[in-house]
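Trainee: Have a look at this one before I ask anything.
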Amino acid sequence: MTSPTSAPRPRWQDELAAVLENFVVHRNHVVDFDRAGLAACRRGLSKKPMDVPAMFQYIAPVSLAVPPHWGPQAQEHVEAAVHYTLALYAFHQQSQDQRMHHAFGNRRGTSVGRAAGRLHQALKSTSPEGVDRRFLAAATADSVEEVVGHLRALVPQLRQHAIPLDYLALAADLESWPDPERRARIRRRWGLDYRWVPSTKEDQDDTAATDR
């Protein structure tokens, strides 16, 4: 029996993928990052969506890709998701030479649950309980702002242990978060990913892979 074909992702996600890719620059055959752009996006951590003019250039092409028939509320949800995603990514990428965005579309994406699970394993011999608390708080949050607040506490630890996150997948999850039914599905997926343990060498290699 063949698997059903996955539905194509919305165009706004394609635009966001391009924005995330453009933060990576190549200088003299060496991979570097748009440090000024990332610094501008980090300012969004303490601001509301569309309150940081320096981020408009990154959010605008994504927002304009939202179909008009989705309505203004859907567009606001996309703008909020992109704002917080870029702010968290910029915070995660700070002072890192490796890419902390694990590209969307790999065999098993690096969701919040999976990244937090890897962090739990990294801290297993010391203090994984703090990761448990922060992840549970993020997963059970009712608002996007609350989710982001808890993720902001997790990201420095992910950065310290060089654990990447699929920021395109995060944006899709944050855009869906205001809808209770979609939020419930995301919580289930994050929870399963958090407790997922690689059972084969191939799985272990997949969790360790980063997009460079």
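The values are calculated or read from the model by the stated rules, or taken from the named source; none is laboratory data. Just so you know, these numbers come straight off a predicted model, no measurement behind them. Reconstructed Cβ throughout: ideal geometry from the backbone, glycine too, with neighbour counts over all protein chains shown. To get the accessible areas, we keep the full protein, side chains included, count just its heavy atoms, and leave off ligands, DNA and RNA. Shrake-Rupley method; radii C 1.70, N 1.55, O 1.52, S 1.80 Å.
Trainee: Select from region 155-169 the residues that are touching a Leu at 6+ places or on another chain (Cβ under 7 Å), part of a helix (DSSP H, G or I) and in contact (Cβ under 8 Å) with a residue 40 or more places away in the chain and list them in ascending order.
Mentor: Just the residues of region 155-169 that are touching a Leu at 6+ places or on another chain (Cβ under 7 Å), to begin with: 155, 157-158, 161, 163, 165, 167-168.
Now restrict to residues that are part of a helix (DSSP H, G or I): 155, 157-158, 167-168.
Within region 155-169, V155, L158, Y167, L168 qualify.
Trainee: Scan region 122-133 and report the pairs whose first residue is modelled with pLDDT of 90 or more and whose second residue is surrounded by 14 or more Cβ atoms within 10 Å (Cβ to Cβ) and part of a loop (DSSP other than H, G, I, E, B), with Cβ atoms within less than 7 Å and a gap of 6+ or a chain change.
Mentor: V131/L123
Trainee: Let me ask something else. Only residues that are part of a helix (DSSP H, G or I), open to solvent by 40 Å² or more (accessible area, probe 1.4 Å) and among the hydrophobic types (A, V, I, L, M, F, W, C): list them for region 63-99, please. Outline the logic, then answer.
Mentor: Residues of region 63-99 part of a helix (DSSP H, G or I): 63, 68-70, 72-93.
Narrowing the set further to residues that are open to solvent by 40 Å² or more (accessible area, probe 1.4 Å) leaves 68-70, 72-73, 75-77.
Listed by number, the list holds a single entry, W70.
Trainee: Considering region 55-88 alone, what residues qualify as being among the charged types (D, E, K, R) and under 23 Å from A39 (Cα atoms)?
Mentor: Step one: list which residues in region 55-88 are among the charged types (D, E, K, R), which gives 76, 79.
E79, the sole residue that qualifies.
Trainee: Now a separate question. Would you mind stating whether S143 is without any contact (Cβ under 8 Å) to a residue 12 or more places away in the chain, farther than 28 Å from F33 by Cα and not hydrophobic (A, V, I, L, M, F, W, C)? I'd like the intermediate steps shown before the answer.
Mentor: On the way: without any contact (Cβ under 8 Å) to a residue 12 or more places away in the chain: no; farther than 28 Å from F33 by Cα: yes; not hydrophobic (A, V, I, L, M, F, W, C): yes.
No: the conditions fail for S143.
A quick yes/no check of all residues on (1) closer than 30 Å to D97 by Cα; (2) more than 15 Å from the chain's Cα centre (by Cα); (3) modelled with pLDDT of 95 or more:
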site: Q157; (1), (2), (3): yes, no, yes
site: A171; (1), (2), (3): yes, no, yes
site: E181; (1), (2), (3): no, yes, yes
site: A184; (1), (2), (3): no, yes, yes
site: W190; (1), (2), (3): yes, no, yes
site: P198; (1), (2), (3): yes, yes, no
site: E202; (1), (2), (3): yes, yes, no
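Trainee: Right, next: Conditions: (1) out of contact with any Lys or Arg (no Cβ under 7 Å at 6 or more places or on another chain); (2) at pLDDT 95 or above. S176 meets all but one. Number of the miss?
Mentor: (1)
Trainee: Is there any pair with a first residue in region 39-54 that is on the phi < 0 side of the Ramachandran plot and a second that is part of a loop (DSSP other than H, G, I, E, B) and surrounded by 12 or more Cβ atoms within 10 Å (Cβ to Cβ) whose Cβ atoms are under 9 Å apart and which are 6 or more apart or on different chains, and what are they?
Mentor: That search, which allows pairs on different chains as well, returns A39/Q94; A40/V52; C41/F23; C41/V52; R42/Q94; R43/V52; G44/V52.
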